[in-house]
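Written below as structure tokens is the structure these notes are about.
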Amino acid sequence: MRSLSFLAGLILLAAGCSAFAAATLDPRQYGAVGDGKTKDTAALQRAIDAAAKVGGTVRLATGTYLSGTVILKSGVTLQIDKGATLLGSPQQADYTKNRWLALIEARRQHNIAIVGDGVIDGQGTALAADVMRLVQEKKIVDPLASHRPAEQNRPQLIELLECHGVTLKGITLKNSSCWVQTYLTCEDVTLDHVTVRSTAYWNNDGLDLVDCHRAHVTNCDIDSADDGICLKSGERHACTDIVVEDCTVRSSANAFKLGTSSRGGFKHIQAHRLHIHDTFRSAIALESVDGAAMQDVEVSDVDAKNTGGAIFIRLGNRQRDTGPGSIRDVRISNVTVEIPATAPDAGYPLAGPAVRGAHNLFPSSITGLPGHRVANVSLKNITITTAGGGRREIANLPLENLASVPEQEDRYPEFSMFGELPAWGFYVRHAEGITFENVTLRATAKDFRSVMVFDDASNVQLNHVQMGPAGDNPVIVLRGVDGWKLTDTPQPEGTREFIRTLDAAVAKKP
């Protein structure tokens with residue numbers, strides 16, 4: 001009997017502990033006011049600390065909670081309900097440094113979450129103005145003071161470092177003064193139905209995954225004044241096993257991007273069913289310019305309207321001490337892109353910077369370096385419709401001067417980095433194993449340039465490629481191409497010259 005009573009007591013105790021562990025804490029019980037005026041930083045932190053002792057939820061049910069940096073801890077869920085706002089302080093002094101500054105920070109924590117239908121608002125415009133004031137008053141030192149305050153001096157909304165088991169779901173992130181959310185060397189990251197509305201200041205990357213392993217990003221809607229979804233590799237680690245699906249992106253830079261920081265590498269990356277619109281630069285940008293190995297990247301089912309460019313793949317070398325990295329085994333399929341004649345991000349609060357010098361519309365490009373080729377790229381079921389209209393009187397790079405296209409080995413990579421190019425569809429240089437299958441390249445208005453130019457390339461295959469209209473220049477130009485195959489690819493109507501080989505001794509057709 002006593003043993004049964006003891007057992008019953010244990011069961012009740014366990015039930016009580018379980019209920020306590022699942023407890024939801026109201027930060028107002030820890031001194032928060034939630035009126036949008038009183039700084040609730042300390043009260044919010046007390047609630048988080050209390051929840052961390054047992055593994056619980058801090059719930060912002062109603063109100064506006066003005067705060068500086070709060071530190072999320074293992075086992076804690078921050079729940080922000082519809083009608084509630086976590087409002088970032090407009091004063092930089094209220095933020096503490098993790099790697100950079102952020103409203104929500106964590107380092108080496110596990111099983112943490114930010115959920116709910118509420119809002120995290122960084123008041124980025126006012127906060128950036130405060131940072132600029134501090135720079136002008138010489139109260140902080142800033143290497144970019146003459147241009148704009150550097151990223152390390154402008155707080156983000158979220159920065160999580162070396163965390164495991166991270167979940168964001170349902171939340172809306174607004175008005176950051178810097179990158180919106182950064183996950184650095186984190187593992188097992190899940191972002192689902194996260195909304196980003198951040199055009200408050202420059203460098204408002206919508207999402208940065210840096211050297212992360214096993215991240216799954218789904219159903220997110222991102223509108224940001226810089227790159228939309230961006231994978232980076234800042235150290236000698238790598239981004240691996242990343243999946244991005246069913247997301248919508250608007251960007252004043254690139255919509256889906258690997259790079260620019262690319263020291264460690266990118267492996268086993270997938271992006272599917274992306275809806276992209278009103279984006280200044282490229283819909284898809286894959287960049288290794290700091291020595292990284294990029295391998296096994298798959299991008300499919302992309303619908304991009306009103307973007308400055310379609311596809312940009314670049315192997316560069318900004319880290320001359322390590323030498324170039326590599327890009328290989330890239331598969332891009334089922335992509336439709338529409339490129340307008342006018343600025344694709346017109347009306348954006350912070351539009352992309354104008355490209356200097358007169359130029360025609362930029363083509364898609366796949367470019368490596370001499371002796372370091374981009375390898376094994378498959379482009380399948382691609383339709384790119386560009387406004388075209390390229391004219392010699394605007395800009396012209398004669399085909400006999402093809403070798404004068406600058407290498408720009410250590411330059412920051414962007415779709416406009418080479419200046420005027422001799423093609424309006426695709427420009428491919430220093431590449432091998434490039435396959436175009438069921439690809440359509442159309443210009444709304446006639447463009448005098450070639451549709452496709454291949455320079456220092458090998459094993460190029462074009463199968464069922466539709467192009468047109470033909471311009472004054474040859475439709476396809478080959479220079480230093482060793483091994484190429486053309487099947488089921490008709491000449492566009494009005495073609496004067498279909499294929500021109502600029503150095504027949506090197507170019508060979510198998």
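Taken together, the values in this text are just the output of simple stated rules run on the coordinates, not laboratory data. Quantities reported herein were computed from a predicted structural model and do not represent experimental measurements. For neighbour counting, all protein chains shown are included, and Cβ atoms are generated from backbone atoms with ideal geometry for every residue, glycine included.
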Residues with beta-carbon under 15 Å from that of GLY124, excluding GLY124: net charge, scoring Lys, Arg +1 and Asp, Glu -1?
-> -3
FRET E, pair ARG496, ASN381, Förster distance 30 Å, beta-carbon r, rounded to 0.05 | 0.55
Roughly what would the spin-label model give for THR440 and HIS464, points 7 Å off Cα along C-beta, in nm?
-> 1.2 nm
For THR96, list long-range residues whose amide hydrogen, built 1.01 Å from N in the peptide plane, is under 5 Å from its own amide hydrogen.
-> THR69, ALA102
Per the C-alpha gyration tensor (a ≥ b ≥ c, the square roots of its eigenvalues), the range 39-127 is rounded if a/c is under 1.5, else prolate if a/b beats b/c, else oblate; here it's oblate
The range 402-510: translational diffusion in µm²/s, Stokes-Einstein, Kirkwood Rh over Cα pairs, 25 °C, 0.890 mPa s = 171 µm²/s
Classified through the alpha carbon gyration tensor (a ≥ b ≥ c as square roots of its eigenvalues; rounded if a/c is under 1.5, else prolate when a/b is larger than b/c, else oblate), the range 407-450 comes out oblate
Straight-line reach check, LYS174, cutoff 20 Å on alpha carbons, 8 or more apart in-chain or any other chain, hits among lysines -> LYS37, LYS39, LYS82
Please give, to one decimal in nm, the separation of the simple spin-label points placed at ARG214 and HIS275, each 7 Å out from Cα toward the Cβ.
-> 3.1 nm
Cut-off under 5 Å, modelled amide H: who pairs with VAL289 long-range = SER262, GLY316
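Kindly put THR240, THR367, THR440 in sequence by how many other C-beta atoms sit within 10 Å of each C-beta, fewest to most.
If I rank by nearby Cβ atoms, fewest first, I get THR440, THR240, THR367.
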Subtracting the Cα-Cα distance of ASP81 and THR487 from 0.36 nm times their residue separation yields 140.4 nm
Using θ = phi - 60° and the Karplus form 6.51 cos²θ - 1.76 cosθ + 1.60, what ³J(HN,Hα) does each residue of the range 62-79 get, whole Hz, x for Gly and Pro?
-> 9, x, 10, 9, 6, 7, x, 4, 10, 10, 7, 10, 3, x, 9, 10, 9, 10
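How high is the relative contact order of the chain, given as a whole-number percent (alpha carbon pairs under 8 Å, six or more residues apart)?
Relative CO of the chain lands at 7 percent.
By the scheme Lys and Arg +1, Asp and Glu -1, what is the net charge of all other residues having a beta-carbon under 10 Å from that of SER198?
Spelling it out: positives minus negatives among the neighbours equals -2.
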By a straight-distance test (C-alpha under 19 Å), which aspartates and glutamates pair with LYS139 as possible cross-link partners, with residues fewer than eight away in the same chain excluded?
-> ASP94, ASP130, GLU151
Could you give the Stokes-Einstein D for the range 373-415 in µm² per second, using the C-alpha Kirkwood radius, 10 °C, 1.306 mPa s?
-> 110 µm²/s
So between ALA395 and GLU407, what do we pick up on full extension, going 0.36 nm a residue minus the alpha carbon distance?
-> 2.4 nm
For Cα extents along the principal axes in Å, the choices are (1) 95, 64, 42; (2) 85, 60, 47; (3) 70, 58, 54; which was calculated from the structure?
-> (1)
Simple label model, 7 Å out from Cα along Cβ direction - VAL54 to LYS138, nm = 5.4 nm
Distant alpha-carbon pairs in the range 229-312 (separation over 22 angstrom), percent = 21 percent
Pairwise Cα inverse-distance average, inverted: Kirkwood Rh of the range 118-196 (Å) = 13.9 Å
Per 5 angstrom bin, beginning at 0 and ending with the bin that holds the maximum distance, the Cα pairs of the range 162-237 fall in percents of 4, 17, 27, 25, 19, 7, 1
Around SER416, what is the net charge, scoring Lys/Arg as +1 and Asp/Glu as -1 over all other residues with Cβ under 13 Å from its Cβ?
-> +2
Between rounded, prolate and oblate, where does the range 256-366 land on the alpha carbon gyration tensor, with a ≥ b ≥ c its root eigenvalues, rounded for a/c under 1.5, else prolate if a/b exceeds b/c?
-> oblate
Do the alpha carbons of any pairs in LYS257/LYS485; LYS446/LYS485; LYS232/LYS257; LYS73/LYS267 sit beyond 19 Å of each other, and which pairs?
-> LYS257/LYS485; LYS446/LYS485; LYS73/LYS267
